[in-house]
Structures are given as structure tokens and as C-alpha cells.
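One structure below.
Read the figures in this text as sums done on the coordinates, not as results from a lab. Here the structure is a predicted model, which means the values were calculated and not measured. Here the Cβ positions follow ideal geometry from the backbone for every residue, glycine too, while neighbour counts run over all protein chains shown.
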């Protein structure tokens, strides 16, 4: 398959995740397990013979869901509720919900009420990550998840099956990280939209199929070298649950930015950390849960050893980014709590950054264009002035 | 057709409610400025302001060596060789008018901007209202209709307010409802308008807080001509604002200064264009390609979208 054909396949799955999962179920008879984003170990559902699908924000306007959830909840939770109310989740065999924030809790309650015939498993992962009991508590939660899935399929899940799934998922993460490496190095011109499609499709597609496509894509990209792009190198930060709208990503690049790295959930956050393929698989998953918060800190977790703003400054340096665009989902409380610290740290280090608050209902992009263009003009002009001062 | 040996440069601020044009000679002297009101992002308005400025200067389009556009409709003008955002242009224009400016408040028709400027006169930070029109020229226009007072009379009338009233500063639509309610309670128009202008100041203060208060503060844009808006802003800031003689043209002036850079300091301008050129070339044929139309074979322009 050509590069374009592979990205089209990614786009088909990423932009129509439920249709894609339904088709997979019909073709293979595989139960489909939906989950909230963030910390659900898809490996367990896969080992249970299911297709794990991370539920995505839909691009459809929110209508009937309005009556079930507050308008000041984030776009992701409102969209999930709306999809549940419209019957979009009826084909799911189970839904696994985690309690990542108050709004997700509210959405989970509505979905459970609207889907009385769907198996809903609610799990509560410890959010305090560096206590002596954190690992044990995380392991207990994952054991309960395993039991919930075993109850659903009617038989135990073998450790070997979990190991095999872990290996498959690790391969997927490693392949996606290679894609990031190519973009960071500038040897492959992968747009922000294409990168999102690659990662988002991984969240909803069968992992083995996704790995095969990724391998083909990497073979092609690694055997050639794209022409080096010029422009303002931009780092994207934020959006822990839903994918940023593709129009916003296109706009950033259309204005002259080149997205070189990110900490988005539909980006490096999802693929940052592998699970150990040795020993007790449930312990390995618990270790993964704690370790990934150190790799890419999450503002919904509390960890004495993780510092998001320092992580971002370091990540900017590693990717040679000139400016950071923060994409904050409107009403995302965890992000709002942390943002002042990030702003202060970036100002202290004289590192340009722009905050963009995103909404489910975001349609008019013209005002946003002015802000993004202005930001890129600021970065470019400041960099040029600095270069002239150094030259003088 | 523009000629690189021509003696003038043009800056056009194609705004959401008005269009402004400034013409400079090669020495940087302003030889013309014009403002046209023709409705929302009106191409007619831009044409009228350009024609008027050319007429004032006693020249034709052929005498323009470079034209730079800014404002909401900046990419819609074929005449422009290049465009910059209104943030960059207003800052440039304001610093030209008040060289030691450190903060620029620009309240235009569609949006409000607060721009921090560093010691080199470059933008260091900015904040801009997003979708909400509260605190913009549109906000004032909507409330002028509600109280049935001509826009230009609102400021002087608000300055005679006696009773301290309060209205929402969060939403133009809600504010209009509140204004109607206050009038229905029998409150005087003067006092209601005082509250309207205080709300604008309060809203702008929120934007200033995002970039940090610093002085001297320059105010540009049409609302800078409104005495009550300036008065209330000075009250909430606790400092005097510097208002250039013709605050509405600051953006167009900034655009004209960038055009002037291109013919007087081509090295610097070329440096920036090289970045744009490489980037645009690398994108040709991709979804992010911004190429607009093919060029005639005999045309070899130096700037802007015509690169393709």
C-alpha cells in the first residue's frame, strides 16, 4: 500500500471509530469493549478475545445529550453522553469506565443509566502515584478489571494470553514511536493531522492489523528522506482525553507552524511507555500505570516525582521546538489547575507559548487563525531579532 | 502593476467593520490616510479606503512599490504583497507613534487585543478575546441600538452619568438584555451608558491581566476615540492612557511600515521570506498547501502567495 493509502485506512478507522468497530465485530464475531481514554489497559480486553475501542468524541452536534449533562462539562464527556443517548453504543458488549475526573464520573453515570442492558464495569485507579501502597492498589484494580472481563467471556484469561497481548501492544507503541522519531528528526514530513490519525486509529483498530499498516508505512518512510521543512517548530501540549479537532491542527500548519512533537493523549502520551513482557502480567500492567506518569506526567494523577512544566521545557528542548501551543479543552478542570504553573515556568524561561481553549462546538476558525498567525509571527520575529543581535 | 522603483508603500487594515489605508513615502512620511465604513469585512470598504488614500496622496496604484495588508480580511486583498496579523501591525504602528510604549490596547470592531511590547519594540505576548464580542466595538454598537443613541454620542453622554449602575461584562447579548431591563426600571440613559463603558473597561482589564500590566500604555482602534471608554479604562488601570492623534489607523500604519521595510531593508525581509518560501514549497500538493492560483509565465513576484 502507498503512504496515502495507509493514511486513508487510518483516517477511515479514526474518523468513524464505531462503524469501524461494528464492521470488525460483524466480520470476526469479536466482542467489542469500549473504554474511556487515559489509563485503561487495552491489553486485558484483547487477551480476553475482545476488540478494545477507546470511545472518541464525535464530530456530530450535541443534541439529545444536552438534557442529561451540564453544558459546562467538557466536550468529550458531553459527546460521549450524547452518543449513548442516540444509541450509538448499543452494539458494544461492555464499557469500562475509569474515574479520571468529576466530569467523566458524571458521564459514566448517565451512560450506565441510558444503557441498562450493556455490561458497564467501573474501575477506580489510585491517583496518588508515589505512595508505598500505590503499586499494590493499582494491581488490585487491574485484577478486578481482569475478573470483570472473565465474567463477561465466561472463562479465565490465561497469563500467556495477556503476555501475548502485551507484546502486540508494545510493538504498536514502538512502531508509533518510530514514526515520531522520524518526524522529530525532520526526515519524514508527517503532518499533525496524519500523526493524529495514526495514533487515533490505533485506539480503535485491531492491533495486529494496525501494526501491519504501520510497518508498511515505516518501511516506505525509512527508505526515503523527505525534503526538510522550514517554518516555526511547534510543540503541542494538552488534550488528555479527546483528539484535537483536525481543523485546528491544519490551521496551525497552514499559518506556518510545523508540529514537531506533542504530549497529547492522541499522541506521545498514548504510546510513551511499554509494559514489561516478563513475570506476572497484572503486576507489569500496574508498574506500567505508575511508570507512564513519569514518562509523560498527567494532571489527573498526583506524583511527587513528576513535574509537568519541567517535562514540557525538556521536551521542547529535545525536539528543538521554538514555541508551544497549549490546547486546553474548555472546562477541563485538571488542565486548568495546572496551566498557571506552566505559564509561569514558560514565561520565566522566556519560552513562547500560546493558550488555545478548544470546544466541541468550535466551528469558526478565523479568530483562531489570527491568534495562531500572531503567535508564529512573534516567535519568528523574536528569533530573527535574536539572531541579528548575536551576529552583531 | 506595482513597481519596485516606485516611491510609495501602502498599508491596508481590512477590518471587520472599517477599512483603513495608510500611504508612506520612501522616507517614512505619511502622505495619506483614509478610513471607510462599509459593513462587515467589506471588499468595497477596502477599495474605497485605498482609492481615497491614493487620491489624497495624488498618486496611482502604479506609484506603490509594496503593499502589506492586515486585519480580519487581510488575505482577501489581491493588491497586497504580504499580510501580517493585526496584532503584529497594531504593535508596530503603536510603537512608531509612541516609541516607548510597552502595552498596546486595541479595541476594534470585532475583537479586543492587549499586546505587550518588549524594549526592542517587538511583541512579546498578547491576549485577544475569542468568540465573545463583549468589550469590542460590536458590543458598543449593539448597546447603542438598545438605548437608541448614535454611536458617536454614547461616550460624551456616558461621561455625564451620575448614578452608579452595573451590568454584566461577560456577554454582549446578556448585556443588551440587562440594558433593556435597566431602561424599563426607569434608569436614565446617561447612567446606563456609564455602566456600559465601565463594563468594557472591566472586560479589557481581564485581557490585560493575562499579559501583565506594564506602562506606558497606548490605546489604538476606533474605541480609543470614545472618551468614556478611555476614562473608565484609566480608572480601572489607575494610569493615563496615551492616545495617538488618529488611533484607528495604527494597524494600517504598522502594515505600511512593514511594506517600507521590504524596500529599505530587503535583507531582513528576505530572511523571513526564505523561511516562508521553503515551507510553502515543501507543502505543495499536500493538504496544507496554500497555493491559490497559478501565475502568468511573465510574472516573477518577490513576496506573498504568488510564490506558487
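Of the beta bridges in the protein assembly as shown, as assigned by DSSP with both residues counted there, near 35 percent are antiparallel. With neighbour counts taken as other beta-carbon atoms within 10 Å, the residues A:187, A:268, A:273, B:70 rank, fewest first, as A:187, A:273, A:268, B:70.
Using the Cα atoms of segment B:99-243 to build a convex hull, what is its mean projected area in square nanometres?
Across all orientations, segment B:99-243 yields a mean hull projection of 7.8 nm².
Ordered by the number of other Cβ atoms lying within 10 Å of each residue's own Cβ, fewest first, A:199, B:211, B:117, B:104 fall into the sequence B:211, B:117, A:199, B:104. Our Cα-only numbers for segment A:29-97 put the radius of gyration and Dmax at 12.9, 39 Å. Inter-chain Cβ neighbour count for B:105-118, averaged per residue, equals 1 (cutoff 10 Å, partner chain atoms only). What the Cα atoms of chain A give is an Rg and a Dmax of 20.8, 75 Å.
Expressed per residue, the C-alpha convex hull volume of the protein assembly as shown stands at 176 Å³.
Which residue fluctuates most in the GNM of chain A (Cα springs below 10 Å): A:65, A:367, A:75? For chain A, modelled as a Gaussian network with Cα springs under 10 Å, the answer is A:367. Note on residue A:16 and residue A:63: with the Förster distance fixed at 22 Å, the Cβ-Cβ geometry gives a FRET efficiency of about 0.70. Kirkwood analysis of segment B:1-118, using all unique Cα-Cα pairs, places the hydrodynamic radius at 14.4 Å. In this label model, residue A:27 and residue A:72 are separated by 4.6 nm, measuring between points 7 Å along each Cα→Cβ vector. Kirkwood radius for segment A:264-392, taken over all pairs of different Cα atoms as the inverse mean of 1/r, rounds to 17.2 Å.
For a Förster distance of 35 Å, can you work out the FRET efficiency between the beta-carbons of residue A:350 and residue B:225, rounded to the nearest 0.05? Step by step, r from the Cβ atoms, then E = 0.45. Just so you know, the Rg over Rh for segment B:38-93 is 0.96, from Cα atoms, with Rh as the Kirkwood radius.
Stretched out straight at 0.36 nm per residue, the stretch from residue A:291 to residue A:333 would grow longer than its current Cα-Cα span by 12.8 nm. The Rg/Rh ratio of segment A:121-191, with both radii computed over alpha carbons and Rh defined as the Kirkwood radius, is 1.16.
Under the classification rounded if a/c is under 1.5, otherwise prolate if a/b is larger than b/c and oblate if not, where does segment A:16-156 fall, given a ≥ b ≥ c as square roots of the Cα gyration tensor eigenvalues? Oblate shape, in that a/c is at least 1.5 and b/c is the bigger or equal ratio.
Calculate the FRET efficiency for residue B:25 and residue A:131 from the Cβ-Cβ distance with a Förster distance of 60 Å, rounded to the nearest 0.05. My answer for the efficiency is 0.25. Neighbour counting of Cβ atoms within 10 Å sorts the residues A:338, A:265, fewest neighbours leading, into A:338, A:265. Extension gain for the segment residue B:153 to residue B:37, taken as residue separation times 0.36 nm less the Cα-Cα distance, is 40.0 nm to one decimal.
Between A:296, A:275, A:378, the residue with the greatest mean-square fluctuation in the GNM of chain A (Cα pairs under 10 Å linked by springs) is A:378.
Among A:48, A:158, A:188, the largest mean-square fluctuation in a Gaussian network model of chain A (Cα springs under 10 Å) belongs to A:158.
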